[in-house]
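The values are calculated or read from the model by the stated rules, or taken from the named source; none is laboratory data. Computed from a predicted structure; not experimentally measured. SASA here: full protein model, heavy atoms, side chains in, ligands and nucleic acids out. Shrake-Rupley method; radii C 1.70, N 1.55, O 1.52, S 1.80 Å.
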Amino acid sequence: MAEKPDDLERLIHETLEDLGWDADAAKVAERVRRLDIGLPVEDEFAVLCSWLGKCELIHKLDQHQMPKASRERYQVPDMLAHFSTQSDHRPVLIEIKSKTTKTLSFRPDYFRKLQNYADLMGAPLLIAWKFHSFWVLFEARHMTKAKVNFNISFDVALKQSLLGVLAGDFTYRIGAGSGIHLKFQKEELVAVEESEQEKSETWNVRLSEVVYTGAQGEVAGNLPGDVQALLSTWDLDVQEEDHEDHVWSRFTATGALGLYAHMALVRLLDWNRRDGEKILWRREARKDRLNTINDFRAAVLSALDLKIVEHVLDVHPHSRPDFLPQ
């Protein structure tokens with residue numbers, strides 16, 4: 001059974017105000033469900049900004065603007081935010097998009113209306129772009145006019161991304177050979193199946209030993225809980241070693257590329273979910289604390305000291321905006 005949203009009464013009231021108090025029950029139920037799901041891209045971005053640790057405030061902007069004629073000149077962006085890394089008290093305005101094409105494109109009137117609103121508020125205008133599972137955040141000024149529209153390629157957006165210096169994102173890599181190794185003691189042979197090609201045995205087993213390794217060999221003692229959870233963000237190679245009286249199950253990192261912290265958040269949240277169950281970002285956004293690593297950077301730096309993480313990189317944009325320290 002699906003979990004009941006904690007603000008169900010508000011969702012029902014909002015739906016009835018919109019559809020009318022005599023609306024069909026099925027339509028009411030469907031609208032409430034859609035409101036509960038929310039706008040996944042906007043909610044996801046707000047959650048990851050909050051979790052990265054440098055965001056002091058972020059919230060959606062009501063886009064039901066009046067008078068109607070204002071829509072010819074102004075377009076209200078999706079969100080307003082302020083980060084502890086900023087050098088002044090001006091908030092930033094953020095328009096959020098999800099596109100899987102390698103070029104993000106805005107119509108000239110749409111781009112102009114967003115910029116008019118930012119100029120009116122005296123606030124920088126930023127664009128957050130989700131490209132597949134990858135987020136970038138850049139100043140709108142980096143979009144350039146093509147024949148008609150204002151465009152930016154993902155490559156340029158990545159080079160100018162502020163997600164690290166502004167929101168606290170970074171990349172890390174778990175060293176090859178780091179992992180967890182589980183020793184299961186064989187206790188009772190339950191069944192044996194044989195064919196011409198192979199023989200298989202079913203045993204009752206008992207977990208008798210847990211060993212952690214870093215890139216340079218075995219780690220002494222147990223790992224802190226957050227560092228253990230960090231391993232769940234990585235694609236681990238799985239191997240089994242069958243011995244006469246025990247079995248080793250080994251989960252180890254290989255020489256993969258680095259991972260951005262904001263991408264690790266999705267993996268951490270997925271770790272506690274059933275197969276096929278989607279993350280409801282609106283519900284995550286309403287939680288006081290996510291059910292995951294609270295200070296992710298501290299966990300990564302702890303793993304770096306233990307030689308489990310191989311490196312940590314803070315990525316800077318090619319052009320630094322005036323609302324960040326120079």
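Region 82-125 and region 189-246 have Cα centres lying 49 Å from one another. Axis angle, to the nearest 10 degrees, between helix 261-271 and the longest C-alpha principal axis of the chain: 60 degrees.
From the alpha carbon centroid of region 278-299 to that of region 140-180 is 22 Å.
Take 263, 121, 79 and sort them by solvent-accessible surface of the protein heavy atoms, 1.4 Å probe, largest at the top.
Working: 263 40, 121 105, 79 0 Å².
The most accessible residue leads, giving 121, 263, 79.
Apply the Debye scattering formula to region 70-142, with a single equal point scatterer on each alpha-carbon and no solvent, then give log10 I(q)/I(0) at q = 0.17, 0.19 Å⁻¹. For the requested q values the scattering log ratios are -0.66, -0.80. Sorted largest first, the principal axis extents computed over the alpha-carbon atoms of region 151-224 equal 64, 37, 21 Å. At a probe radius of 1.4 angstrom, the accessible area of the chain per residue rounds to 58 square angstrom.
From the C-alpha coordinates alone, can you work out the Kirkwood hydrodynamic radius of region 195-307, in Å?
Working: mean 1/r = 0.0587 Å⁻¹.
Kirkwood hydrodynamic radius for region 195-307: 17.0 Å.
Please report the base-10 log of the normalised intensity I(q)/I(0) for region 242-305, using a Debye sum with one equal scatterer per alpha carbon and no solvent, at each q in 0.27 (1/Å). The Cα Debye sum returns log10 ratios of -1.30. Only helices enter the 222 nm calculation for the chain: every DSSP H run of n ≥ 4 contributes -39,500 (n - 2.57), and dividing by all residues gives -8000 deg cm²/dmol, rounded to 500. When the surface is traced with a 1.4 Å probe over the full set of protein chains, residue 236 keeps roughly 50 Å² accessible. Ligands, DNA and RNA left out, the accessible area of the chain computed with a 1.4 Å probe is 50% carbon and sulfur.
Tell me the Kirkwood hydrodynamic radius of region 143-271 in angstroms, computed as one over the mean inverse distance between distinct C-alpha pairs.
On the way: mean 1/r = 0.0538 Å⁻¹.
The Cα-based Kirkwood calculation yields 18.6 Å.
Note on residue 237: accessible area approximately 60 square angstrom, rounded to 10, probe 1.4 Å, nucleic acids and ligands left out. Rolling a 1.4 Å probe over the protein chains gives residue 55 an accessible area of about 30 Å².
For 101, 292, the ranking by accessible surface with the largest value first comes to 101, 292, using a 1.4 Å probe.
What share of Cα pairs, in percent, lie more than 22 angstrom apart in region 22-167? Considering region 22-167, 45 percent of its Cα-Cα pairs are separated by more than 22 Å.
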